[in-house]
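Here is the structure we will look at, set down as structure tokens.
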Amino acid sequence: MQRLSERLLEWFDDHGRHNLPWQIDPTPYRVWVSEIMLQQTRVATVVPYFERFMRHFGSISDLAATDIDEVLHLWSGLGYYARARNLHRAAAIIATQHGGKLPREIATLTGLPGLGRSSAGAILALAHGDRHPILDGNVKRVLARYHKVAGWPGASRVQRELWSHAQSHTPHTRVAAYTQAMMDLGATVCVRSNPQCDHCPLKADCRAYATGTQSHFPGQRKRKPLPEKSTRFLIVRARNTATLLYRRPPAGIWGGLWSFPEIDAAEDVGSWCRTLGLDRIGEVVEKPILTHTFTHFRLAITPIEIVVRDTAHTVMDPDRWLWYNVNKPKRVGLAKPVETLLGAAQPAQELKENTG
């Protein structure tokens, strides 16, 4: 019987993806950036971000030398921002400790921020042709169905079994093509819902296909209903249309991005303004709730718009606070809801002023 890798490579030659931007010039750096961007993100979404990122940061040294705000600005909208922060941190380590070149040893690679065994293996396989198995979400699905590996892939027992299969199937030749083929098969044929089994090169001995149980694999984690949280975004507008933003802490949601300040429901807006030396004018305008869904919870955001007087003499820490002008935007990282609200915010001069 023909080996799985042989059948898969024959399929890949005719039906696989061969012209993705990181395939055209698969340097270790380009493959690394693509692998980080592709974590939990579709190829079609990643392509324009990758191309723009490469135009700005042509090398690891370029990336290491830039400010994190510029990195987050180019990442804005791609989500999972810890990936961008880790990429930037790892670039600095590579520039200072490895001569600006990605290490070729998998143990060293996995010691860098944001790189696990699968991502590191993919970089070495795709960029160098080194024999390392990978186990991203697409590959887990293919192997779980092919071998009927029951259980949630995140469980230790299941993961060990899938890694064993991944290792045994990885060939000693054409490793880069095989690695891409596994990812392509999972992304285009062995998809989560309604897999295209009639077009699969592995269907002849796929155990899930033989028993009609494709939808049972891989096993799903028992999910609880998403908890809901709420917050109030304070949209502070100056009369020159600038909007006040603050830099979020590096850890937590939207880490390191610029966002609107948040206030508790019981907190007085006027008192909050005075603590920053701002003088509120006009009425407080509460806008419709905006809901943003994260992986583990749903956030209900109540935007509250206010106008303050001239801010020219207000002293604020520039590392923490920023007057952001949507007409002349600074290149900083913004969370998606912040971008949405900045675009929808009513011009300050149109807000009803009531100084009486």
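Helical runs (DSSP H, four residues minimum) scored at -39500 (n - 2.57) apiece and divided by the length of the chain put the mean residue ellipticity at 222 nm at -12000 deg cm²/dmol.
For residue 281, the residues whose modelled amide H falls within less than 5 Å of its own, excluding neighbours fewer than 5 places apart on the same chain, are 307, 308, 309.
Scaled to the globular estimate 2.2 N^0.38 Å, the Cα spread of the stretch 228-350, given as radius of gyration, is 1.01. Kindly provide log₁₀ I(q)/I(0) values, in the same order as q = 0.12, 0.16 Å⁻¹, from the Debye equation applied to equal alpha-carbon scatterers of the stretch 70-181. Here the Debye-derived log intensity ratios amount to -0.51, -0.85. A simple spin-label model places the labels of residue 157 and residue 197 2.6 nm from each other, with each point 7 Å out along Cα-to-Cβ. The angle between the Cα long axis of helix 117-128 and the longest principal axis of the Cα atoms of the chain comes to about 70 degrees, rounded to the nearest 10. Against the chain, whose longest principal axis comes from its Cα atoms, helix 43-56 is set at around 70 degrees. Pairs from the list 224/287; 148/203; 229/328; 287/328; 222/336 with a Cα-Cα gap above 22 Å: 224/287; 229/328; 287/328; 222/336.
Eigen-decomposition of the gyration tensor built on the alpha-carbon atoms of the stretch 4-216 gives equivalent ellipsoid semi-axes of 31, 17, 16 angstrom, largest listed first.
A viscosity of 0.890 mPa s and a temperature of 25 °C, combined with the Kirkwood radius over C-alpha pairs in the Stokes-Einstein formula, give the chain a diffusion coefficient of 106 µm²/s. Of the beta bridges in the stretch 228-350, as assigned by DSSP with both residues counted there, near 60 percent are antiparallel. Between the helical axis of 156-169 and the longest alpha-carbon principal axis of the chain there is an angle of about 50 degrees.
Values quoted throughout were computed directly from the atomic coordinates according to the rules given, and no laboratory measurement underlies them. Quick caveat, the model's predicted, so the values are computed rather than measured. Virtual Cβ from ideal backbone geometry, glycine too; neighbours counted across all protein chains shown.
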